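S.K.: Below you will find the structure I want to go over with you.
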Amino acid sequence: MDSPGIELDDEPAAPSMARSSLLRELPTTPRGLRTRAALVAAARKVFERRGYLETRLSDITTSAKCSAGTFYTYFGSKEEIFAAVLEVAQEDMMHPGMPRVADDGDPAAIIEASNRAYFDAYRRNAKLMILLEQVANIDTEFRTLRRLRGEAFIARNARSIQNLQERGLADPVLDPLLASQALSGMVSRLAFSYFSADDTPRAGVPLDELVDTATRLWVNALRVPTKN
């Protein structure tokens, strides 16, 4: 499962996550890239509508209005195109377009903006997150992919926590990686329950309250100073 990412103004942009071993190299021509992207977009709609196990390759090619031959030019299996769909989603969640917050001495505001961007991105991709959890339980390749996704987010958050510590804005005693594992896991599970699970008490809880709760937990756990 992935995790939220704190993005500080003076932190270098986080690199993209490694590509799944299921994926072949991208096409080298603009037309090939467009065709592949159209297949991925069509596959996402089918996976979200029918689920992973019930989706057939013919469903994807019908939705994409292409032949089976065209499909096999770019993908070798249902597993491969599902990995491609997840790759697009993970880029969205890793780089959710968080609004920049000026470095005005209020790191809590940066944490809040990051949490909000993460929850918004999770909401856009919630159906895929459900599918990834399901498929990871039966397929070792996707279980590995899920683990690598989580590790990428945790590593980025650990860098941000260490940055705060070096600036005297977070508890210096904490191990950045362990703190990131604990806090990232907590918030990612909260997002999964809020947006994905059917038996969650999320009804009546506004998104602003979700963001505020997650932010307070991060701030309090790290002992980040606030302006309030």
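Read-outs: derived from the displayed coordinates by stated rules, not from any lab. Since the structure is predicted, the reported quantities are computational estimates derived from the model, not experimental observations. Quick reminder, even Gly has a Cβ in these numbers, built from the backbone with ideal geometry, and neighbours come from all protein chains shown.
S.K.: Just to check, using Stokes-Einstein with a Kirkwood Rh over alpha carbon pairs, what's the diffusion coefficient of the stretch 30-75 at 4 °C and 1.567 mPa s in µm²/s?
M.R.: 123
S.K.: Calculate the spin-label point distance for SER58 paired with GLU25, positioning each point 7 Å from the Cα along the beta-carbon direction, and give it in nanometres.
M.R.: 3.4
S.K.: Can I ask one more? Could I have the simple spin-label model distance between ALA38 and LEU207, label points 7 Å from Cα toward Cβ, reported in nm to one decimal?
M.R.: Between ALA38 and LEU207, the simple spin-label model gives 3.2 nm.
S.K.: Can you give the Rg to Rh ratio for the stretch 90-222, taking only C-alpha atoms and Rh from Kirkwood? Please report the intermediate quantities before stating the final value.
M.R.: Details: Rg = 15.2 Å, Rh = 15.7 Å.
Reported Rg/Rh, Kirkwood definition of Rh: 0.97.
S.K.: Could you list VAL205, VAL211 in order of exposure, starting from the residue whose Cβ has the fewest other Cβ atoms within 10 Å? It would help to have the intermediate numbers written out before the result.
M.R.: Details: VAL205 12, VAL211 20.
Least crowded to most crowded, the residues run VAL205, VAL211.
S.K.: What's the local net charge at ASN220, with K and R +1, D and E -1, over the other residues with C-beta under 14 Å away?
M.R.: Taking every other residue near ASN220 into account, the sum is -1.
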